[in-house]
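K.L.:
Dropping the structure in here first, questions after.
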Amino acid sequence: MSNSSLLDRFAALDSAAVSDALDQLGLPSGVGGVRPVWGPTAVVGFAVTVGLEPRAEGPAGAHIATTAIENSDDQSVIVVDNQGRSDVSCWGGILSLGASLRGVRGVVADGVCRDVAEARELDFPVFSRGSIPATARGRLQQRSLGQPVTVAGLTVEQGDVVLADESGLVVVPRDRAEEVAEIATGIVARERAIADEVRAGVPLSRAMHDARLAGDKESVR
């Protein structure tokens with residue numbers, strides 16, 4: 001399956017269905033706490049990972065995440081590991097502009113951001129733990145690019161499939177992505193069938209059976 005086709009399959013899903021599929025495979029399920037900072041939005045793409053750390057003494061270098069943007073394309077989601085810090089922004093408006101111009105699909109940050117209005121005006125999805133006006137300049141520096149990072153307790157490797165929406169965040173290992181997409185698609189189909197039955201008047205306790213939700217038809221009587 002091509003990369004674009006794979007992302008199209010995940011774009012038709014939500015974090016809950018993907019999380020259930022990950023559960024079935026014994027992989028880490030979805031997490032909360034990282035949410036869209038403006039409006040109802042969702043994002044899915046291949047991770048470009050950035051690790052940050054407190055600023056050390058020495059000459060100033062390129063601003064955080066700028067090299068990540070330059071290494072991204074229209075299938076990328078930039079994933080920023082700032083260890084959940086809430087006292088300093090790890091993403092701002094000029095970064096959103098630069099990423100948007102490269103076609104980047106969005107950013108997921110384990111930290112807080114600023115310039116929310118600019119991201120909204122650009123229609124650029126930003127997911128983080130909140131917002132703060134305090135700048136990263138003089139406070140943060142880039143530790144790594146393209147190396148494994150941790151976001152809300154989930155390990156994210158370069159190229160993993162990242163999906164974030166209003167419910168939360170899921171990370172799918174790239175080598176399991178097709179398998180996860182297949183299972184999640186089946187979960188969505190089952191839940192839609194159950195919803196149709198409920199709308200038709202089937203008692204909720206009969207239609208919404210745990211075994212059926214898990215796909216075990218033999219256990220449903």
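The values are calculated or read from the model by the stated rules, or taken from the named source; none is laboratory data. The model shown is predicted, which means the values in this text are computed figures rather than measured ones. Cβ: placed from backbone, ideal geometry, glycine included. Neighbour counts: every protein chain shown. Please note that ligands, DNA and RNA were not included when accessible areas were found on the heavy atoms of the full protein model with its side chains. Shrake-Rupley method; radii C 1.70, N 1.55, O 1.52, S 1.80 Å.
K.L.:
Mean-square fluctuation check for the chain, GNM, Cα pairs under 10 Å: which of 182, 191, 121 is largest?
P.N.:
Highest fluctuation of the listed residues: 121.
K.L.:
Of the candidates 65, 11, 47, which one comes out as most mobile in a Gaussian network treatment of the chain with C-alpha springs shorter than 10 Å?
P.N.:
Result: 11 has the largest fluctuation of those listed.
K.L.:
Turning to a different aspect of this structure: How much net charge surrounds residue 155 when only the other residues with a Cβ under 15 Å from the Cβ of residue 155 are counted, with Lys and Arg +1 and Asp and Glu -1?
P.N.:
Summing Lys/Arg as +1 and Asp/Glu as -1 gives -3.
K.L.:
Compare 179, 197, 166 in a GNM of the chain, Cα atoms joined below 10 Å, and give the one with the largest fluctuation.
P.N.:
Sorting by GNM fluctuation, first place goes to 197.
K.L.:
Once the other residues with Cβ under 13 Å from the Cβ of residue 40 are scored (Lys, Arg +1; Asp, Glu -1), what is the net sum?
P.N.:
Taking every other residue near residue 40 into account, the sum is -2.
K.L.:
Another question, then. Work out how far the C-alpha atoms of the stretch 1-112 reach from end to end along every principal axis, then list the three figures in whole Å, largest first.
P.N.:
Largest first, the stretch 1-112 extends 48, 27, 27 Å along its Cα principal axes.
K.L.:
Ignoring ligands, DNA and RNA, please state the percent of accessible area on the chain from carbon and sulfur, probe 1.4 Å.
P.N.:
With neighbouring chains kept in place, the figure for the chain is 48 percent.
K.L.:
What list of ³J(HN,Hα) couplings, whole Hz, do you get for the stretch 64-79 from phi and the Karplus terms 6.51, -1.76, 1.60, once you set θ to phi - 60° and write x for glycine and proline?
P.N.:
For the stretch 64-79, the Karplus curve yields 3, 6, 5, 5, 5, 4, 5, 9, 10, 9, 7, 10, 9, 10, 7, 10 Hz.
K.L.:
Kyte-Doolittle mean at least -0.5 and Cα extent at least 30 Å along the axis: which DSSP H helices of the chain qualify? Don't jump to the answer; show the numbers that get you there.
P.N.:
Numbers: long enough: 177-199 (33 Å, 0.06).
Helices passing the filter in the chain: 177-199.
K.L.:
OK, next. Per residue Cα convex hull volume for the chain, in cubic angstrom?
P.N.:
Working: hull volume 27.9 nm³, N = 221.
So the per-residue hull volume is 126 Å³.
K.L.:
Residues with amide H under 5 Å of residue 140's amide H, sequence separation 5 or more or different chain, H placed in the peptide plane at 1.01 Å from N; which?
P.N.:
Those lying under 5 Å, H to H, from residue 140 are 55.
K.L.:
Something else: Going by amide H atoms built from the backbone, whose H comes under 5 Å of the H on residue 166, apart from near neighbours?
P.N.:
41
K.L.:
If amide hydrogens are placed 1.01 Å from N in the peptide plane, which non-local residues have theirs closer than 5 Å to the one on residue 45?
P.N.:
162
K.L.:
By average Cβ neighbour count within 10 Å, what is the ranking of 18-28, 88-98 from highest down? All intermediate terms of the calculation are to be shown ahead of the outcome.
P.N.:
Working: 18-28: 18.5, 88-98: 22.4.
Packing proxy ranking, top to bottom: 88-98, 18-28.
K.L.:
In the P(r) worked out for the stretch 115-195, what percent of Cα pairs fall beyond 21 Å?
P.N.:
Result for the distance tail: 52 percent.
K.L.:
Ok, one more. Considering only DSSP beta bridges with both partners in the stretch 84-167, what is the antiparallel share in %, to the nearest 5?
P.N.:
Numbers: 3 of 8 bridges.
Of those bridges, close to 40 percent are antiparallel.
K.L.:
Please report the antiparallel percentage of the DSSP beta bridges confined to the chain, to the nearest 5.
P.N.:
The answer is about 55 percent antiparallel.
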